Amino acid sequence: MRTIALITLFSLAALPLDAQRPQDLARDSWSGPITPGSTIRVDNPFGDTRLRHGGSESTLEVAAILQQLAIDGSRLELRVDIGEDEAVITVARINLDGEVTTEVPRGDKARADLALMIPEGTTVAVRGGTGLVEARGVRTDVDLRTTSGTIRVASTRGAITAHSDRGAMEITRGLKRENFKKTDPGPPLEPAP
């Protein structure tokens with residue numbers, strides 16, 4: 001038992017001084033009503049975005065974990081803008097001079113992972129970067145796009161459009177082939193056995 005404790009103590013002492021501190025990790029959430037039939041637009045170039053079925057009520061729920069690891073001191077922020085028939089969820093970078101951007105600088109280590117509970121009867125459009133974009137059990141039409149992140153769809157009802165410039169696409173059982181529209185070049189998509 002002493003050996004384990006000493007190894008743990010030495011391991012902690014070996015961490016660099018700029019290792020992630022508790023204030024580098026932030027949680028944020030939003031929940032509220034949206035108009036039935038709304039379009040939900042999500043822009044998260046900083047990490048993963050996961051969509052789940054949120055029930056038949058017109059309530060949208062968003063949860064975010066923001067890892068504030070940018071070396072330039074800028075911060076990531078969850079922004080939710082609810083309009084008459086559109087909800088826009090954006091992860092934005094706030095630079096030290098107050099400038100707001102969704103650009104991801106080369107070598108950036110900041111990360112934002114989102115989970116959204118999507119109500120039935122809406123339409124969802126997600127734009128991601130290198131992170132995973134996943135729709136699981138969602139009962140609505142989805143349009144999923146990434147630069148190089150993986151797109152994963154499982155047990156989703158509704159029309160599906162997916163495009164990734166360089167990322168993989170994974171489609172699992174329970175999806176009807178005619179509901180999937182592939183917009184990138186490559187071999188035809190086949191539902192997994």
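Summary of packing: across the peptides 154-163, 140-149, the per-residue average of other C-beta atoms within 10 Å ranks them, highest first, as 140-149, 154-163.
For the range 96-172, the fraction of C-alpha pairs more than 16 angstrom apart is 54%.
Close amide H partners of Glu170, meaning residues 5 or more places away or on another chain with modelled amide H under 5 Å apart, are Ile151, Arg152, Val153. Binned at 5 Å from 0, what are the whole-percent values of the Cα-Cα distance distribution for the range 29-117, short to long? Bin by bin from 0 Å, the calculated values are 3, 13, 26, 22, 15, 11, 7, 3, 0.
Each value in this text was obtained by applying a stated rule to the coordinates, not by laboratory testing. From a predicted model like this one, the values you see are computed outputs, not experimental measurements. Ideal geometry is used to build each Cβ from the backbone, glycine not excepted, and the neighbour counts take in all protein chains shown.
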